[in-house]
Amino acid sequence: MIPYSAPINDTRFVLRDLGLLGQLEALPGCEEVNAELVDAILEEAGKLAGDVIAPTNYNGDKQGARWNDGKVTVPDGFKDAYRAYVEGGWNSIPFTPDFGGQGLPWTIATAVQEMWQSANMAWALCPLLNQGAVEALTAHASDAIRNTYLAKMISGEWSGTMNLTEPQAGSDLSLVRSKAEPDGDHYRIKGQKIFITYGEHEMTDNIVHLVLARLPDAPEGTRGISLFVVPKYLVGDDGSIGDHNDLRCVSIEHKLGIMGSPTCVMSFGDKEGAIGYLVGEPNRGLEYMFTMMNNARLAVGLQGLSLTERAYQQARDFAKERKQGKGLDPAEGTVAIIKHPDVRRMLMTMRAYAEAQRALVLETMTMLDISHRHEEENYRKWAGRRVDLLTPVIKGWFTDTAVEMTSMGVQVHGGMGFIEETGAAQHYRDARILPIYEGTNGIQAADLVGRKILRDKGAALDEYLDEVHAFINRLNGMDGETISILRKYVAQGVDALEQAGDWLVENASSDRVAQATASTYLLKLFGLVAGGVVMARACIAAENKLVNGEGDADFYRNKLITARFYAENLLSQAPSLLGPITQGHNTVMAIAEDQL
């Protein structure tokens, strides 16, 4: 077994020392949230992740999900791990108590979900998709649908899926052709859907498919798409499971990674039509599905962090044991490779990204909780704008980075990393899907530039930048070498981000090539800067602990070192992205297609 140890101390540091827990405790409905409760949750989640889920990861990759005549069998151990997860009540953490949820903040749920994804991402995709389906039904479904499905989905006894695209559609959902014919109090769904994660499996008693389809009189394009609940097994008025619905898994995909997760081709209505129930109003399905997609995009970003952390832990442990080459002191002889500066550079890069992204995603989820719970509307709206702005950054930057960091983990292993038996290559292969699904990162970058920056002429970005400038001004009055270094590089980074935003608003609003070319660079720039801001906050918190003589001094000194490494080695690259943002469009389309 390749071990995994949940980063409980690092997570506790972000929640407590960066002040997120205090913000949560002040929100309505969070009266029972406190440090002791959160500590207990983190400790028990860490045990489940490390002792029960993580041991299934390597075998799940080797064995894979298997399809036979419409039935899917998950790898050995998956079902037992899922049963332990459900019995522990872990699936219900963030959901409404009205249907059996615990009603805890999404911030706390995200902290433990990082552990599930690190332990076995292929396994954890099942609860990930289910949580998005629960969110969509809670927000948009009728009382009848909620009463029928939510309690079982919140407990985890049933799982949910997202059925969006089709063979001819890809990312362009305007091309969806699945049909929904009215039939009394329900609809008959016919069509085929592809890339359906956990569309068929035996870990839960029922699978609740959320399916996009068109009504007979629907307009063309995305405005004519409706959303339907289509269960694998029909559900009686008393909640009992009935007949198998007219749907089946035609096949599962053979993939580069996440082998244990069945990626299904689903066929609806081979016979009389699968019975489905309309969610909300007709022709608003894509709008409703964005509730699920935004939830999933944040969760996929979290997966990027999770794989970076898992790859870091494995590379670090390997580097401590693998002896090769002479040390810096010739008298040492052959040394463990962790003593070589270039290996340290790679390990510190992985560590720094993981710490910055953990802080950023938990801070963003705190904003999400504020947007849902705060008593004052102005605070809710402000927090909502911040979550909207950062969602594509978290999805795009975290997952692009995960591919780089898991590749770096292979590099630390050297030739042994290229051999499957060490398990390092699995993290790299698993990570490669992250920039692709739930909207490719090119789509995330276009969303950031087009919808989150240019649509309001940069107002949401300016609001963020104003807050960062105020934070930098507060840093000016603080002592400490590391804080001074963070202040320098955060200021340079935020200046570059501000210049990039101003350039976009002034020059690219009507230039689609300039927008499209700048978007990916700008997303990376935003990520680097946002990561630098939270690392500066971490630096202040650690410095205060050291000055006051509180806690583990070595732990807090390491926080300062990692923050400084992030500033000098990673954040320092941010201003270099301003050139591609403002000039890259000049040549990106210049060569004729037939000359490429």
Looking at the stretch 190-241, which of the residues that are more than 24 Å from the chain's Cα centre (by Cα) and of a type in the set (Val, Ile, Thr) is farthest from residue 69 (Cα to Cα)? 222
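For residue 60, are the conditions met, namely being touching a Gly at 6+ places or on another chain (Cβ under 8 Å), closer than 21 Å to residue 126 by Cα and surrounded by 14 or more Cβ atoms within 10 Å (Cβ to Cβ)?
yes
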So for the stretch 412-428 (the condition being crowded, with 21+ Cβ neighbours inside 10 Å, in contact with a Phe, Trp or Tyr (Cβ under 8 Å, 6 or more places away or on another chain) and among the β-branched types (Val, Ile, Thr)), does at least one residue qualify? yes
I'm trying to understand the selection: among the residues of the stretch 233-247, which are among the small types (Gly, Ala, Ser) and either touching an Asp or Glu at 6+ places or on another chain (Cβ under 6 Å) or in contact (Cβ under 8 Å) with a residue 60 or more places away in the chain (or both)? 239
Candidates 283, 294, filtered to the one that is in contact with a helix residue (DSSP H, G or I) (Cβ under 8 Å, 6 or more places away or on another chain) and either closer than 30 Å to residue 118 by Cβ or exposed (fewer than 15 other Cβ atoms within 10 Å of the Cβ) (or both): 294
Would you point out which residue out of 39, 10 is part of a helix (DSSP H, G or I), farther than 24 Å from residue 259 by Cβ and under 21 Å from the mean Cα position of the chain (by Cα)? 10
Among the residues of the stretch 49-58, is any touching a residue at least 40 places away in the same chain (Cβ under 8 Å) and outside any helix (DSSP H, G or I)? no
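Please verify whether the stretch 343-365 includes one or more residues that are over 21 Å from residue 565 (Cβ atoms) and buried (at least 24 other Cβ atoms within 10 Å of the Cβ).
Taking the stretch 343-365 first, the residues over 21 Å from residue 565 (Cβ atoms) are 364-365.
Filter again for buried (at least 24 other Cβ atoms within 10 Å of the Cβ), leaving 364-365.
Within the stretch 343-365, one or more residues are over 21 Å from residue 565 (Cβ atoms) and buried (at least 24 other Cβ atoms within 10 Å of the Cβ).
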Matching option when the condition is loosely packed, with under 15 Cβ neighbours inside 10 Å, touching a strand residue (DSSP E or B) at 6+ places or on another chain (Cβ under 7 Å), acidic (Asp, Glu) and at pLDDT 95 or above, among 317, 243: 243
Single residue of 582, 587, 562 found to be out of contact with any strand residue (DSSP E or B) (no Cβ under 6 Å at 6 or more places or on another chain), within 24 Å of residue 447 (Cβ to Cβ), part of a helix (DSSP H, G or I) and of a type outside the set (Asp, Glu): 582
Filter pass, residue 158 being more than 26 Å from residue 247 (Cα to Cα) and of a type outside the set (Gly, Ala, Ser): no
Kindly evaluate residue 202 against the criterion of being surrounded by fewer than 17 Cβ atoms within 10 Å (Cβ to Cβ) and in contact (Cβ under 8 Å) with a residue 60 or more places away in the chain. yes
Any hit, the stretch 556-577, residues being surrounded by fewer than 17 Cβ atoms within 10 Å (Cβ to Cβ), over 19 Å from residue 392 (Cα atoms) and of a type in the set (Lys, Arg): yes
State whether one or more residues within the stretch 281-302 are at positive phi and touching a residue at least 24 places away in the same chain (Cβ under 8 Å). yes
Kindly establish whether residue 395 is touching a Gly at 6+ places or on another chain (Cβ under 7 Å), among the charged types (D, E, K, R) and part of a helix (DSSP H, G or I). yes
Checking the conditions here, which among 344, 385 is part of a helix (DSSP H, G or I), over 17 Å from residue 309 (Cβ atoms) and in contact (Cβ under 8 Å) with a residue 12 or more places away in the chain? 385
Is there a residue being surrounded by 14 or more Cβ atoms within 10 Å (Cβ to Cβ) and on the phi > 0 side of the Ramachandran plot anywhere in the stretch 26-39? yes
Filtering the stretch 542-553 down to residues that are under 15 Å from residue 479 (Cβ atoms) and aliphatic (A, V, I, L, M), which residue is surrounded by the most Cβ atoms within 10 Å (Cβ to Cβ)? 542
Yes or no: the stretch 154-166 includes at least one residue that is surrounded by fewer than 21 Cβ atoms within 10 Å (Cβ to Cβ) and in a helix (DSSP H, G or I). yes
Mind listing just one residue for me: the one in the stretch 205-223 that is crowded, with 24+ Cβ neighbours inside 10 Å and hydrophobic (A, V, I, L, M, F, W, C) and, of those, farthest from residue 181 (Cα to Cα)? 207
Taking the stretch 203-241 as the search range and keeping residues that are polar (S, T, N, Q) and part of a strand (DSSP E or B), which one is nearest to residue 289 (Cα to Cα)? 226
Looking for whichever is farther than 20 Å from residue 262 by Cα and touching a residue at least 24 places away in the same chain (Cβ under 8 Å) here; the options are 211, 230, 176. Which one fits? 176
What residue, among those in the stretch 167-188 that are assigned to a strand (DSSP E or B) and in contact with an Asp or Glu (Cβ under 7 Å, 6 or more places away or on another chain), is surrounded by the most Cβ atoms within 10 Å (Cβ to Cβ)? 187
Residues in the stretch 244-284 that are acidic (Asp, Glu) and within 16 Å of residue 189 (Cα to Cα): how many? 3
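Considering only the stretch 411-432, how many residues are of a type in the set (A, V, I, L, M) and without any contact (Cβ under 8 Å) to a residue 60 or more places away in the chain?
Going through the stretch 411-432 one residue at a time, the tally reaches 2.
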Test of understanding: among 497, 504, 523, which residue is of a type in the set (A, V, I, L, M, F, W, C) and either within 20 Å of residue 565 (Cα to Cα) or under 20 Å from the mean Cα position of the chain (by Cα) (or both)? 523
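The values are calculated or read from the model by the stated rules, or taken from the named source; none is laboratory data. Nothing here was measured: the structure is a model prediction, and the numbers come from that model. Counting neighbours? That spans all protein chains shown, and the Cβs are built from the backbone with ideal geometry, glycine included.
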